[in-house]
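Student: Quick one: this structure, given as C-alpha coordinates, is what I'll be asking you about.
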Amino acid sequence: MALSFPRTPATGDDMPVGSLSPRTSATPEVTSGHPTGVGARGVALARASTPARLLVIEQDPALRQMLSWDFADLGYRVTEAWGVQAARQAIEQGEFDLVLLEFTLPDGAAVGLIRELSSRFPGLPLIMNSGRPEAVLAAEGMPELFAFVPKPSTTRTLHRLFQRALARFSS
(Lines give C-alpha, C1' and ligand atoms only; values in the text may rest on other atoms or scores of the structure.)
Protein backbone atom coordinates (compact mmCIF):
# COMPACT_ATOMS: atom_id res chain seq x y z
CA MET A 1 0.00 0.00 0.00
CA ALA A 2 1.39 3.38 -1.00
CA LEU A 3 1.11 6.39 1.24
CA SER A 4 -0.16 9.62 -0.24
CA PHE A 5 0.23 13.11 1.11
CA PRO A 6 -1.98 16.09 0.32
CA ARG A 7 -0.48 18.87 -1.75
CA THR A 8 -0.49 22.08 0.20
CA PRO A 9 0.83 25.62 -0.10
CA ALA A 10 4.21 26.39 1.46
CA THR A 11 2.46 28.09 4.40
CA GLY A 12 1.05 24.80 5.69
CA ASP A 13 -2.55 25.90 5.01
CA ASP A 14 -5.16 23.17 5.29
CA MET A 15 -2.69 20.79 6.89
CA PRO A 16 -3.66 19.13 10.14
CA VAL A 17 -1.83 20.61 13.11
CA GLY A 18 1.23 18.54 13.75
CA SER A 19 1.48 17.22 10.22
CA LEU A 20 4.63 17.55 8.24
CA SER A 21 4.70 20.80 6.38
CA PRO A 22 7.30 22.39 4.15
CA ARG A 23 9.95 24.13 6.23
CA THR A 24 11.36 27.51 5.37
CA SER A 25 14.32 26.87 7.66
CA ALA A 26 15.74 23.95 9.57
CA THR A 27 15.26 25.62 12.93
CA PRO A 28 12.43 28.09 13.41
CA GLU A 29 12.81 30.89 15.91
CA VAL A 30 11.08 29.79 19.08
CA THR A 31 11.57 32.32 21.82
CA SER A 32 11.08 32.37 25.53
CA GLY A 33 9.30 35.72 25.51
CA HIS A 34 10.38 39.21 26.46
CA PRO A 35 11.98 40.04 29.82
CA THR A 36 9.74 43.07 30.36
CA GLY A 37 6.71 41.18 31.72
CA VAL A 38 3.08 41.20 30.68
CA GLY A 39 1.64 44.62 29.84
CA ALA A 40 -1.01 46.43 31.86
CA ARG A 41 -3.92 44.80 30.01
CA GLY A 42 -2.08 41.50 29.69
CA VAL A 43 -1.73 42.25 26.02
CA ALA A 44 0.83 44.32 24.22
CA LEU A 45 -0.58 43.83 20.78
CA ALA A 46 1.77 43.29 17.90
CA ARG A 47 2.26 46.10 15.46
CA ALA A 48 2.29 45.30 11.77
CA SER A 49 6.09 44.96 11.82
CA THR A 50 6.20 43.04 15.10
CA PRO A 51 5.29 39.35 15.11
CA ALA A 52 2.47 38.32 17.43
CA ARG A 53 3.73 36.57 20.56
CA LEU A 54 2.03 33.21 21.05
CA LEU A 55 2.18 31.02 24.14
CA VAL A 56 1.46 27.36 23.29
CA ILE A 57 0.54 25.25 26.32
CA GLU A 58 0.41 21.60 25.26
CA GLN A 59 1.36 18.49 27.21
CA ASP A 60 2.25 16.36 24.18
CA PRO A 61 5.89 17.19 23.32
CA ALA A 62 5.66 16.22 19.65
CA LEU A 63 2.45 18.18 19.05
CA ARG A 64 3.83 21.15 21.00
CA GLN A 65 6.95 21.15 18.80
CA MET A 66 4.95 20.89 15.58
CA LEU A 67 2.65 23.74 16.66
CA SER A 68 5.71 25.84 17.41
CA TRP A 69 7.26 25.10 14.03
CA ASP A 70 4.03 25.72 12.12
CA PHE A 71 3.30 29.03 13.81
CA ALA A 72 6.91 30.21 13.70
CA ASP A 73 6.76 29.58 9.94
CA LEU A 74 3.68 31.83 9.83
CA GLY A 75 5.59 34.61 11.57
CA TYR A 76 4.58 34.20 15.22
CA ARG A 77 7.11 34.39 18.05
CA VAL A 78 6.30 31.18 19.86
CA THR A 79 6.96 30.19 23.46
CA GLU A 80 6.24 26.64 24.55
CA ALA A 81 4.95 25.41 27.91
CA TRP A 82 4.18 21.79 28.82
CA GLY A 83 1.80 22.49 31.70
CA VAL A 84 0.40 24.93 34.25
CA GLN A 85 3.64 25.68 36.10
CA ALA A 86 5.65 26.16 32.90
CA ALA A 87 2.90 28.47 31.59
CA ARG A 88 3.02 30.55 34.76
CA GLN A 89 6.80 30.87 34.45
CA ALA A 90 6.52 31.89 30.79
CA ILE A 91 3.89 34.53 31.63
CA GLU A 92 6.13 35.97 34.35
CA GLN A 93 9.07 36.18 31.92
CA GLY A 94 7.36 37.54 28.82
CA GLU A 95 4.52 39.36 27.12
CA PHE A 96 2.03 37.50 24.95
CA ASP A 97 -0.60 38.52 22.47
CA LEU A 98 -2.33 35.11 22.36
CA VAL A 99 -2.49 31.90 24.38
CA LEU A 100 -3.33 28.50 22.87
CA LEU A 101 -3.84 25.78 25.44
CA GLU A 102 -4.89 22.17 25.80
CA PHE A 103 -7.62 21.23 28.28
CA THR A 104 -5.70 18.32 29.81
CA LEU A 105 -2.42 19.37 31.44
CA PRO A 106 -0.21 17.09 33.54
CA ASP A 107 0.22 19.37 36.56
CA GLY A 108 -3.10 21.14 36.99
CA ALA A 109 -6.42 22.11 35.54
CA ALA A 110 -6.57 24.23 32.41
CA VAL A 111 -9.86 25.64 33.71
CA GLY A 112 -8.07 27.14 36.71
CA LEU A 113 -5.27 28.49 34.53
CA ILE A 114 -7.77 30.09 32.13
CA ARG A 115 -9.59 31.83 34.98
CA GLU A 116 -6.29 32.94 36.50
CA LEU A 117 -4.97 34.38 33.23
CA SER A 118 -8.28 36.06 32.43
CA SER A 119 -8.39 37.67 35.86
CA ARG A 120 -4.76 38.82 35.82
CA PHE A 121 -4.69 39.89 32.16
CA PRO A 122 -8.10 41.04 30.90
CA GLY A 123 -8.12 41.22 27.12
CA LEU A 124 -5.58 38.44 26.59
CA PRO A 125 -7.16 36.14 23.98
CA LEU A 126 -7.29 32.59 25.39
CA ILE A 127 -8.00 29.80 22.91
CA MET A 128 -8.55 26.20 23.99
CA ASN A 129 -7.72 23.42 21.52
CA SER A 130 -8.64 19.94 22.72
CA GLY A 131 -9.96 16.60 21.58
CA ARG A 132 -11.35 15.65 24.98
CA PRO A 133 -15.16 15.39 25.12
CA GLU A 134 -15.26 16.94 28.60
CA ALA A 135 -13.37 19.97 27.26
CA VAL A 136 -16.35 20.92 25.10
CA LEU A 137 -18.63 21.04 28.13
CA ALA A 138 -16.05 22.93 30.20
CA ALA A 139 -15.50 25.47 27.41
CA GLU A 140 -19.23 26.21 27.17
CA GLY A 141 -19.14 27.38 30.79
CA MET A 142 -16.09 29.62 30.39
CA PRO A 143 -16.84 33.08 29.04
CA GLU A 144 -13.15 33.88 29.60
CA LEU A 145 -12.26 31.90 26.47
CA PHE A 146 -12.03 33.74 23.18
CA ALA A 147 -12.69 30.42 21.43
CA PHE A 148 -12.71 26.67 21.69
CA VAL A 149 -11.41 24.66 18.73
CA PRO A 150 -11.85 20.87 18.78
CA LYS A 151 -8.95 18.63 17.76
CA PRO A 152 -8.03 17.68 15.18
CA SER A 153 -7.75 21.17 13.77
CA THR A 154 -5.69 22.72 11.04
CA THR A 155 -2.96 25.30 11.26
CA ARG A 156 -5.01 27.43 8.88
CA THR A 157 -8.08 27.33 11.16
CA LEU A 158 -6.05 28.33 14.20
CA HIS A 159 -4.15 31.03 12.30
CA ARG A 160 -7.41 32.61 11.08
CA LEU A 161 -8.77 32.52 14.60
CA PHE A 162 -5.58 34.15 15.92
CA GLN A 163 -5.91 36.90 13.32
CA ARG A 164 -9.52 37.57 14.37
CA ALA A 165 -8.48 37.69 18.04
CA LEU A 166 -5.64 40.10 17.31
CA ALA A 167 -7.92 42.33 15.23
CA ARG A 168 -10.59 42.40 17.93
CA PHE A 169 -8.25 43.19 20.78
CA SER A 170 -6.15 45.74 18.89
CA SER A 171 -9.07 48.10 18.28
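Student: Which one of these is in contact with a helix residue (DSSP H, G or I) (Cβ under 8 Å, 6 or more places away or on another chain), among the β-branched types (Val, Ile, Thr), buried (at least 17 other Cβ atoms within 10 Å of the Cβ) and free of Cβ contacts under 8 Å to residues at least 40 places away in the same chain: 149, 78?
Tutor: It is 149.
Student: May I ask you to verify whether residue 89 is out of contact with any strand residue (DSSP E or B) (no Cβ under 8 Å at 6 or more places or on another chain) and modelled with pLDDT of 95 or more?
Tutor: no
Student: Here's a follow-up. Open to solvent by 10 Å² or more (accessible area, probe 1.4 Å), closer than 24 Å to residue 66 by Cα and of a type in the set (Gly, Ala, Ser): does that describe residue 109?
Tutor: In short, yes.
Student: Looking at residue 16 and the list (1) at pLDDT 50 or above; (2) open to solvent by 40 Å² or more (accessible area, probe 1.4 Å), which single condition is not satisfied?
Tutor: The one condition residue 16 does not meet is (1).
Student: Examine the range 98-114 for a residue that is at pLDDT 95 or above and in contact with a Ser or Thr (Cβ under 7 Å, 6 or more places away or on another chain), and state whether such a residue exists.
Tutor: yes
Student: Within the range 19-35, identify whether any single residue is of a type in the set (S, T, N, Q), surrounded by 16 or more Cβ atoms within 10 Å (Cβ to Cβ) and modelled with pLDDT of 95 or more, and answer yes or no.
Tutor: No, the conditions are met nowhere in the range 19-35.
Student: Report yes if residue 167 is farther than 21 Å from residue 59 by Cα and not charged (D, E, K, R), otherwise no.
Tutor: The answer is yes for residue 167.
Student: Something else: If a residue has to be surrounded by 14 or more Cβ atoms within 10 Å (Cβ to Cβ) and under 21 Å from residue 63 (Cβ atoms) to count, how many in the range 118-140 make the cut?
Tutor: Count: 11.
Student: Give the residues of the range 81-118 that are within 19 Å of residue 170 (Cα to Cα) and assigned to a helix (DSSP H, G or I), sorted by residue number.
Tutor: If the condition is that a residue be within 19 Å of residue 170 (Cα to Cα) and assigned to a helix (DSSP H, G or I), then 117, 118 are the ones that fit.
The values are calculated or read from the model by the stated rules, or taken from the named source; none is laboratory data. Fair warning: this is a prediction, and the values are worked out from it, not measured in the lab. When we count neighbours, we look across all protein chains shown, and the Cβ atoms used for this are built from the backbone with ideal geometry, even at glycine. Protein only, heavy atoms only, side chains kept; ligands, DNA and RNA dropped before computing areas. Shrake-Rupley method; radii C 1.70, N 1.55, O 1.52, S 1.80 Å.
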